[in-house]
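Trainee: To start, I am sharing the structure in question, which I have written as structure tokens.
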Amino acid sequence: MGKVYMKLRVMPEDVDVDLEKVYERIKEIAPENVEIRDYKIQPIAFGLKALLVVAVMPDEGGIGDKLVENIKQIEGVESVEVDAVELI
């Protein structure tokens, strides 16, 4: 079984959300076998920024969906979009 690279775009509820803290929380709540590899804070518009997160996980059904659902539960997160998924 291979591994999957997943790039996520995490949007905050407003411009005052500390994306560094959101990233730290993502690392804490990631399911077992999910490795949070990298992140970047990307300016969007009018002071709003998005958190781009790269995760690597086994190619198992549902593990990526579980990660997305866990991130959506973090305080200050408005939405989570999957930007890319690739088999590595």
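Readers should treat all values here as calculations from the given coordinates under stated rules, not as data from a laboratory. Everything numeric in this text was worked out from a predicted model, so none of it was measured. With ideal geometry, Cβ positions are generated from the backbone for all residues, glycine too; neighbour counts draw on all protein chains shown.
Trainee: I want the local charge near Gly64. Using Cβ-Cβ distances under 15 Å, sum +1 for each Lys or Arg and -1 for each Asp or Glu among the other residues.
Mentor: Net charge in that neighbourhood comes out at -3.
Trainee: Follow-up. Taking springs between alpha-carbon atoms closer than 10 angstrom, which of Ile36, Ile74, Ile26 fluctuates most in the Gaussian network model of the chain?
Mentor: Ile74
Trainee: Do the sum for the chain: with -39,500 (n - 2.57) for every DSSP H run of n ≥ 4, divided by all residues, what is the mean residue ellipticity at 222 nm, to the nearest 500 deg cm²/dmol?
Mentor: -7000 deg cm²/dmol
Trainee: Ok, one more. Charges only on Cβ, +1 for Lys and Arg, -1 for Asp and Glu: so what's the dipole of segment 3-87 about the Cα centre, in debye to the nearest 20?
Mentor: Using only the charged Cβ atoms, the result is roughly 220 debye.
Trainee: State, as an integer percentage, the relative contact order of segment 3-87 based on alpha-carbon contacts under 8 Å between residues 6 or more apart.
Mentor: Averaging sequence separation for qualifying contacts and normalising by length gives 49 percent for segment 3-87.
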